[in-house]
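A quick write-up on the structure given underneath.
Each value in this text was obtained by applying a stated rule to the coordinates, not by laboratory testing. Everything numeric in this text was worked out from a predicted model, so none of it was measured. When we count neighbours, we look across all protein chains shown, and the Cβ atoms used for this are built from the backbone with ideal geometry, even at glycine.
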Amino acid sequence: MNEKSDAEFPELSCYLLPGHTTTPADAIEEAKQAEALGLGKVWLSERFDVKDAGVICSAALAVTDSIHVATAGTNIHTRHPLVLATMCSSLHHMSGGRFELGLARGVGIRNQLMGLKNVSNAQLIEGVELLRKLWQGEKIMGHDGLMGALPYASMGDWMDANIPIHFVGFGPKSLRFAGRHFDGVHLHTFITDHGLRRAKTFVQEGAIKAGRNPEDIKVWSVFATIHKPKPEDHLRKLVARMATYMQAPGYVEMLIELNEWDPEVLRKFRASDIVLSIPGGIDSVATLEQLEEISELIPPEWLPAATGSAEECARAWKNQFDNGADGLVIHGSTPAEFAPVLDAYRTLRD
């Protein structure tokens, strides 16, 4: 696995184009800013509008020299295996080995709307094995499985691309699965210290069961960060985001299981008049007044984040590493917004 970096903070990373965007070219400047700040990696969460993984990652790699660029995530089944392998190997060779692949299962309802079946663990394993074989120059002949029929697939005998593959997920079963088959794990926002320690344990249990070195499987914690928050930032960046997760059936339940929260909170949230009255994603359409009311339904301990002064945020970052994280994904802030925290973090880290 190639995760070496010359960055000042190889353990720190952030998102490109976090959330919805209509200006994908912003990723170019964001990637350059993240590299200039000394971060080791940026991540792109693919969306089927103007956030194609191959295009955005290529642009970010083309305008930078050392920072790694990873998907977090894309899907194993939305591209033909040879097409996905080609996209990744092209990015790998174009950048001198700075590309990393993050795979997620995908959202069930979106799979249905696209006419795709949901991705099983067995399909993920098969897909990852196919990618690794193709990247090592192996020939695939007579394959007929969950990834489809591949009578013949090859990228050439000369191919030798060692591309890290991260699993994007956070359920306890998924984390053990990731420890058995992936090079790293990209977690989720709003995981508590307790949940983070459990996540690390689950990943390592999976690795040990598979006969792998558990220290080789890197766990990346996704941590919301708001430096010097304005009065509405708590509502817009924390409450609204968590509330939207809580709206989605079958989604936040895994987070509740990992953190060992009281599921009764979720039941009351979904049954509340204010939540039922909002037509759409809360983070997209709710007013500040509605968010104020919704905030009363979400316990403060369900919103772990780095907030406050630069020193307070830096201590919260360090606490993530103290609780088992190998890397940190700064969420909810642009490089310009979290830049002041880096000076305080540098002092703590040194």
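Here is how the numbers come out for the structure above:
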| item | result |
| --- | --- |
| Cut-off 14 Å between beta-carbons: net charge of the residues surrounding residue 274, Lys and Arg +1, Asp and Glu -1 | -3 |
| Two-site label geometry, residue 107 and residue 93: point separation in nm, points 7 Å out along Cα→Cβ | 3.6 |
| Square roots of five times the Cα gyration tensor eigenvalues for the chain, Å | 32, 24, 20 |
| Residue (of 141, 162, 190) at the positive-pole extreme of segment 99-219, dipole from beta-carbon charges | 190 |
| Debye, to nearest 20: dipole size of the chain, +1 on Lys, Arg Cβ, -1 on Asp, Glu Cβ | 820 |
| Lys, Arg +1 and Asp, Glu -1 on Cβ, resulting dipole of segment 31-119 about Cα centre, debye, nearest 20 | 280 |
| Least to most buried among 321, 190, 48, 269 (fewest other Cβ within 10 Å first) | 48, 321, 269, 190 |
| Listed residue (255, 39, 222) projecting farthest to the positive dipole end of the chain, Cβ model | 255 |
| Whole-Å distance, taken between Cα centres, linking segment 292-317 and segment 178-207 | 22 |
| Dipole of the chain [Lys/Arg +1, Asp/Glu -1 at C-beta], most positive-end residue of 19, 70, 201 | 201 |
